[in-house]
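Beneath this line is the structure, given in structure tokens, with notes to follow.
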Amino acid sequence: MSMKSPEIVPAPDESFRRVVEWAPAAMVMVDSDGRIVLANAQAERVFGYSRAELQGERVEKLVPERFAARHPGYRHGFLDDPHPRPMGSGRDLYARRRDGSEFPVEIGLTPIDSGHGFMVLAAIVDITERKRLEERFQRVVEYAPSAMVMIDHDGRIVLVNAQTEQLFQYQRSALIGQTVEMLVPERLRGEHEHFRRGFFDAPQPRPMGAGRDLFGRRSDGSEFPVEIGLNPIDTEEGMMVLASIVDITERQRAQQKLESALQEKTILLNEVHHRVKNNLQVISSLLNLQATHTSDPRLRAALGESQSRVRAMALTHQLLYERKDYSRIDLGEYLERLAQSLWGTYHESRANVVLARALPDERQFVDFDRAISCGLVVNELVTNAFKHAFADGRGGEIRIELQESADELVLIVADDGAGLPEGFDLAKVSSLGLQLVPLFVEQIGGRFSLEPRPGVRFAMVFPNDKSKEGSS
């Protein structure tokens, strides 16, 4: 028997026994014949025996029957080369309680020089709970819906699940112990090693390769796009990384189809609005042409008003076409462009009338239908003011305002002209334009007021549905 005396603990004294007695692990000392000479209180609790029942018994009493026959050989092997070490390195170890039940253990062995031969002090730890957690972890990993690969600090694969086998088309036996770069396309392996080492330098849960396109490699060499989540796992063997790998081939294909469909829709909408705008401009031109061929001033005026309404609608399509946003219109910009158009129509005949605007600097978006209704209301009221409020040649101001509150918008058209005739009733007016105004207000769920002052002030209040339109 060879002996390594520098690694052998001297014979136990009373202080040694006290340390063993109060140790947190079960401690059992066995002589060279394999008989128990010492057991502590924790050993009694773990194995269910009193120390009197253990004293003098062979240590195989604490070993499951299926392993008892082989245990003396391991014991003699330790005494042939006695030095502190874990027992059964690489093997699953189990112990046996008094009631015959088994439980997984870790055992540390330390040789003791008693002066009359060598003994072995075994520190025994019940690892049932740890095993339960490990098995639970392995079950979670095994049945995860995505491929799961665990690698050690050297980048070698120590664990994979069924989804990994299916995704990469390898048997797990061909993966365990290999470097994880075998699952990476050859053209990316060099930089992958660099990124892998960088993760171990600062391990924290995060997606891998933020901002980069990631690819996996199957056993047949084919590549596919992936998303990878990294989670550091602290184990007894050191820090490891659990990678969750998702094949995003179908997602990318669906995204490409969606982007293609969106592009086609954008082109179609662009063309629709462009054509509608052009068609409305043709209608406007036809109305203008018709007006020049009539000598009836009342008919000419009616055709001019219709032409103005058509231009107001055409302007919405023009803005949609220009801005490439087909769900909403900046109401302030629209009213400004509409005001310019109306001023261009009437400024020669009403050169001493100012068309003022008080529109918000901040963009105020509304949907297409509300924009048209607002535009037609402004068109009717401004046209009416130009024609009637300053008919006697007086000067003055027509004013368009847009005010915003938390949940409402207020559109105001006011003038300081001649004012309303005595006994004016909007419900009884014969003018088609003014008859249309209440209909447009109702169409967008608004309300309005008409105040005589010097001049006239019309105010329309309607919902400000920002939640439906999105932010600017």
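The values are calculated or read from the model by the stated rules, or taken from the named source; none is laboratory data. In this text the structure is predicted, and so the values were computed from the model without any measurement. A quick note on method: Cβ atoms are made from the backbone with ideal geometry, for glycine too, and the neighbour counts reach across all protein chains shown. Areas reflect the complete protein model, heavy atoms only, side chains present, ligands, DNA and RNA absent. Shrake-Rupley method; radii C 1.70, N 1.55, O 1.52, S 1.80 Å.
Sorting M460, M148 by accessible area puts them as M148, M460; the probe is 1.4 Å, largest comes first, and only protein heavy atoms count. For the set L450, L280, the ranking by accessible area, highest first and with no ligand, DNA or RNA atoms included, is L450, L280 under a 1.4 Å probe.
Please pull out the direction-averaged projected area of segment 50-207, using the convex hull of its alpha-carbon atoms, in nm² to one decimal place.
Values: hull surface 57.0 nm².
Mean shadow area of the hull around the Cα atoms is 14.2 nm².
At an R0 of 35 angstrom, the distance between the Cβ atoms of R132 and R197 translates into a FRET efficiency of 0.55.
Using the Stokes-Einstein relation with a Kirkwood hydrodynamic radius computed over Cα pairs, the translational diffusion coefficient of the chain at 25 °C and a viscosity of 0.890 mPa s comes to 78 µm²/s. Along its principal axes, segment 213-306 has C-alpha extents of 100, 32, 14 angstrom, given from the largest down.
Return the ratio Rg/(2.2 N^0.38 Å) for segment 284-408, where Rg is computed over Cα atoms only. Don't skip to the end; give the middle numbers.
Values: Rg = 15.6 Å, N = 125, 2.2 N^0.38 = 13.8 Å.
For segment 284-408, the normalised Cα radius of gyration comes out at 1.13.
Per-residue accessible area (protein heavy atoms, 1.4 Å probe) orders W343, W22 as W22, W343, starting from the largest.
Helix 189-201 sits at what angle to the longest principal axis of the chain, using alpha carbons and giving 0 to 90 degrees rounded to 10? Value to nearest ten degrees: 80.
Note: segment 131-221, Cα convex hull, 118 Å³ per residue. Computed over the alpha-carbon atoms, segment 102-157 gives an Rg to Rh ratio of 1.27, Rh here being the Kirkwood radius from the mean inverse distance.
Could you work out Rg/(2.2 N^0.38 Å) for segment 28-123, with Rg from alpha carbons only?
Values: Rg = 12.6 Å, N = 96, 2.2 N^0.38 = 12.5 Å.
Normalised Rg, Cα atoms only: 1.01.
Modelled this way, with points 7 Å down the Cα-to-C-beta line, the labels at F215 and N270 are 3.1 nm from one another.
Placing R0 at 22 angstrom, the Cβ-Cβ distance between D80 and E237 gives a FRET efficiency of 0.20 after rounding to 0.05.
Over the chain, what relative contact order in percent results from Cα pairs under 8 Å that are six or more residues apart? Walk me through the numbers before you get to the answer.
Working: 758 pairs, mean separation 36.1, N = 472.
In percent, rounded to a whole number, it is 8.
Against the chain, whose longest principal axis comes from its Cα atoms, helix 297-323 is set at around 20 degrees.
Gyration tensor analysis over the Cα atoms of segment 48-89 returns equivalent ellipsoid semi-axes of 21, 13, 10 Å (largest first, whole Å). In this structure segment 204-300 gives 69 Å² per residue of accessible area when probed at 1.4 Å with all protein chains present. Annotation: peptides 161-173, 66-78, 367-379, 260-272, ranked by per-residue average of other Cβ atoms within 10 Å with the highest first, follow the order 367-379, 161-173, 66-78, 260-272.
Computed from Cα positions, the angle between helix 368-384 and the longest principal axis of the chain comes to roughly 20 degrees.
Could you calculate the FRET efficiency of R172 with E442 from 1/(1 + (r/R0)^6), where r is the beta carbon distance between them and R0 is 60 Å, rounded to 0.05? Display every interim value, and only then the final one.
On the way: r = 70 Å, r/R0 = 1.17.
Computed FRET efficiency for R172 and E442 comes out at 0.30.
Using equal-weight Cα scatterers in the Debye expression, the normalised intensity of segment 233-358 in log10 at q = 0.09, 0.10 Å⁻¹ is -0.48, -0.54.
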